[in-house]
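Each remark here refers to the structure printed beneath this line.
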Amino acid sequence: MKKFTWAMRAPLFNVPKAGFSWTYPCPRLLRELTKMSAIEREQPSTIKQIWTDYHKEKEQTISSFLEPSHYRKIVSRGRASPMFVFPVWKPQGHYVMLMQAQNKSFLFTFLEDFKKNPLGATPYLVLTIFDELEVKKGLVLVRGDIVNNQMSKEESLRLMNLTFDHYMREELFGKIHQFNHEPNSFNFDEFIQQCR
């Protein structure tokens, strides 16, 4: 059984300003993507359809939406237990992504890159949650930016779904909690096989 004993509390992608500056690779606010006055006039079902259609045509983005209660639960749990690992399965095996929740974003990097250089690990996928329509429309939008073309759109969608499922479902969140608060009891190999 592999154990996680290395320190995992430090932010994944926060690098000291002296020496390196990391820029967030995608929009952080919904108004950077759309004209808010136009989108706010639409019904939630229309907004969902526009959001889905817009991102379906783009090679390097994925999208989803959340109920406000799910959004609040995911973000709250992300603050309390911000780190986790997910396997990405391919026909010839798998690789492991390390995820870190930062406020309304989830950043993913290759676990091996992080182990080699925690301060230099770059994101491969960034999920950003846009809550600007939460109150008026009862809708929270999610966008995933595929920052590195080594990940496919399908792999990114699966990673997003695994992330939200694990933060939402009690039996799955137990693994995230264990990974963050009881890392010596987290069975890495067993978890990887369960995610097949």
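Answer with yes or no whether LEU98 is of a type in the set (A, V, I, L, M, F, W, C), in contact (Cβ under 8 Å) with a residue 12 or more places away in the chain and either in contact with a His (Cβ under 8 Å, 6 or more places away or on another chain) or more than 19 Å from PRO183 (Cβ to Cβ) (or both).
Considered against the rule, which asks whether it is of a type in the set (A, V, I, L, M, F, W, C), in contact (Cβ under 8 Å) with a residue 12 or more places away in the chain and either in contact with a His (Cβ under 8 Å, 6 or more places away or on another chain) or more than 19 Å from PRO183 (Cβ to Cβ) (or both), LEU98 comes out as no.
Go through the range 153-176 and give me each residue that's open to solvent by less than 30 Å² (accessible area, probe 1.4 Å) and of a type outside the set (Asp, Glu).
SER156, LEU159, MET160, LEU162, THR163, PHE164, HIS166, TYR167, PHE173, ILE176
Given (1) modelled with pLDDT of 90 or more; (2) part of a loop (DSSP other than H, G, I, E, B); (3) among the hydrophobic types (A, V, I, L, M, F, W, C), where does ILE47 come up short, assuming only one miss?
(2)
Taking the condition of being of a type in the set (S, T, N, Q) and in contact with a strand residue (DSSP E or B) (Cβ under 6 Å, 6 or more places away or on another chain), how many residues in the range 107-145 meet it?
2
Is there a residue in the range 52-66 that is in a helix (DSSP H, G or I), modelled with pLDDT of 90 or more, open to solvent by less than 20 Å² (accessible area, probe 1.4 Å) and farther than 22 Å from TYR167 by Cα?
yes
The values are calculated or read from the model by the stated rules, or taken from the named source; none is laboratory data. What you are looking at is a predicted structure, and each value in this text was computed from that prediction instead of being measured. Note: ideal-geometry Cβ built from the backbone for every residue, glycine included; neighbour counts use all protein chains shown. Surface areas here come from the heavy atoms of the whole protein model, side chains and all, with no ligands, DNA or RNA. Shrake-Rupley method; radii C 1.70, N 1.55, O 1.52, S 1.80 Å.
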